[in-house]
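A short worksheet on the structure shown next.
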Amino acid sequence: QVQLVESGGGLVQPGGSLRLSCGASGFSISSYDIKWYRQAPGKQRELVATITSRGITNYADSVKGRFTISRGTAVNTMSLQMNSLKPEDTAVYYCNGVSRGMNYWGEGTLVTVSS
């Protein structure tokens with residue numbers, strides 16, 4: 001069964017850090033372009049970070065210098081390290097895997113940045 005599962009969300013204070021993980025089953029995550037999206041309440045889903053199958057990374061201006069996308073420490077995972085979190089980073093974060101016309105989505109993990 002092909003599946004993407006996000007984990008690592010939670011409540012964090014402004015200025016804090018979280019590390020999100022995206023785990024894949026049924027396919028090799030490293031052969032896909034992996035994207036992290038987020039959707040805040042009442043807003044459209046936005047692309048936050050991308051890592052291609054060749055390891056090229058790209059970030060939205062709003063998170064550049066604070067977020068890092070990379071291969072995860074666990075097998076067949078990708079991570080999103082989020083530092084210096086702000087209240088406006090509050091959203092549901094989704095993992096998306098794309099390759100050769102295949103497009104997989106996880107169900108999301110909630111990140112809440114609040115004091």
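The values are calculated or read from the model by the stated rules, or taken from the named source; none is laboratory data. Since this is a predicted model, take the numbers as computed values, not measurements. Please note: Cβ atoms are built from the backbone with ideal geometry, for glycine as well, and neighbour counts cover all protein chains shown. The area values use the complete protein model at the heavy-atom level, side chains included, leaving out ligands, DNA and RNA. Shrake-Rupley method; radii C 1.70, N 1.55, O 1.52, S 1.80 Å.
Can you give me the % of accessible surface on the chain that is carbon or sulfur? Probe 1.4 Å, all protein chains present, nothing else counted.
Of all accessible area on the chain, carbon and sulfur atoms account for 48 percent.
Amide H contacts under 5 Å for R66: none, restricted to partners 5 or more places along the chain or on a different chain, H placed in the peptide plane at 1.01 Å from N.
Sorted on the mean count of surrounding Cβ atoms within 10 Å across their residues, most packed first, peptides 5-15, 77-87 read 77-87, 5-15.
For G16, nonlocal amide neighbours, meaning residues 5 or more places apart or on other chains whose placed amide H falls under 5 Å from its own, are L85. In this rough spin-label picture, where each label sits 7 Å from Cα along the Cβ direction, the V75-R100 distance is 2.2 nm. Each residue of the stretch 93-108 was assigned a 3J(HN,Hα) from its phi angle through the Karplus curve 6.51 cos²θ - 1.76 cosθ + 1.60 (θ = phi - 60°); the sequence is 9, 10, 9, 9, x, 10, 6, 6, x, 8, 9, 10, 10, x, 8, x Hz, with glycine and proline shown as x. For the stretch 59-65, backbone phi angles converted through the Karplus equation (6.51, -1.76, 1.60; θ = phi - 60°) give residue-by-residue couplings of 9, 5, 4, 5, 10, 4, x Hz, Gly and Pro being listed as x.
Under 5 Å from the amide H of F27 lie the amide H atoms of Q3, each residue being 5 or more positions distant or on a separate chain, with H modelled from the backbone and absent for Pro and chain starts.
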